[in-house]
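The values are calculated or read from the model by the stated rules, or taken from the named source; none is laboratory data. Just so it is clear, the model here is predicted, and its values are computed rather than measured. Cβ sites come from the backbone with ideal geometry, for glycine too, and all protein chains shown count toward neighbours. When the accessible area is computed, the model is the full protein with side chains, heavy atoms only, and any ligands, DNA or RNA have been set aside. Shrake-Rupley method; radii C 1.70, N 1.55, O 1.52, S 1.80 Å.
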Amino acid sequence: MTGVQTCALPIWLTLQAKELMDQKQFAQAQDKLIAALKKDPNYLPALVRFAEWFYRNGQFAEAFAQARKALSIDTHDGSANYYYGIAAAQLGDVVNARDGLGIASLDPEYRPAAYVELARLYLRDKDFTNAILYAQKSRDFNRYAIAPMEITAVAYRLQGNTEKAREALSELSAIQPLSPFVAMEQSFLNPGQPLSKNAFDRNELPEEVCLELRSEEHTS
């Protein structure tokens with residue numbers, strides 16, 4: 001088989017698409033995925049990668065549909081379930097989000113990320129006990145992971161456990177001393193203490209940081 005023919009196989013086209021997505025060359029990655037699926041419409045890795053492509057482009061309904069198609073080929077595939085779950089979460093479909101992420105958590109490759117997303121879902125549902133539980137499960141794989149630490153801090157604060165919330169923020173601050181998230185959360189725990197503008201001026205786009213943090217606060 002010649003090199004040209006080899007590069008045209010679905011597996012190589014999908015690998016090329018992944019590399020292009022890592023380089024944020026999404027248009028070229030899309031072309032590779034379309035070519036891969038033209039050769040084999042049921043090639044699972046290409047279907048999953050296309051679900052990821054749609055998700056990263058903010059097309060959550062399309063990502064959900066693509067992941068669902070992948071699951072019709074292999075119901076237990078960890079990657080397909082992960083993108084199915086996070087796309088469903090973005091669409092407000094909590095039931096399917098939990099189903100997908102629950103199965104994805106059985107795959108060691110996706111387990112830490114799936115636990116984080118499950119923790120976020122529980123946080124949005126104001127089930128703070130499970131939000132903390134799944135955040136801690138994710139941290140079992142990486143004690144320095146930022147997202148589960150942030151979820152833990154917010155969950156403890158909303159639960160009314162200010163002591164634990166302060167402990168979580170202190171631990172996070174030791175890893176990220178300039179974190180605007182820590183500054184914002186500390187302001188929630190100390191209402192009489194003004195929020196330092198310097199906490200956000202260190203970032204290139206401080207206004208966007210503030211908006212993102214407020215968005216997270218309203219979501220949770």
Checklist entry - Out of PRO108, PRO148, PRO112, which single residue is open to solvent by 80 Å² or more (accessible area, probe 1.4 Å) and either closer than 15 Å to GLY78 by Cα or at pLDDT 95 or above (or both)? => result PRO108
Checklist entry - Can you tell me which of ASP40, ASP77 is open to solvent by less than 40 Å² (accessible area, probe 1.4 Å) and among the charged types (D, E, K, R)? => result ASP77
Next on the checklist: Need pairs with beta-carbon distance below 9 Å; first residue free of Cβ contacts under 8 Å to residues at least 40 places away in the same chain and under 13 Å from LEU20 (Cα atoms) and within segment 48-59, second among the polar types (S, T, N, Q) and surrounded by fewer than 21 Cβ atoms within 10 Å (Cβ to Cβ); sequence gap 6+ or separate chains.
Outcome noted: PHE50/GLN30; TRP53/GLN30; TRP53/GLN59
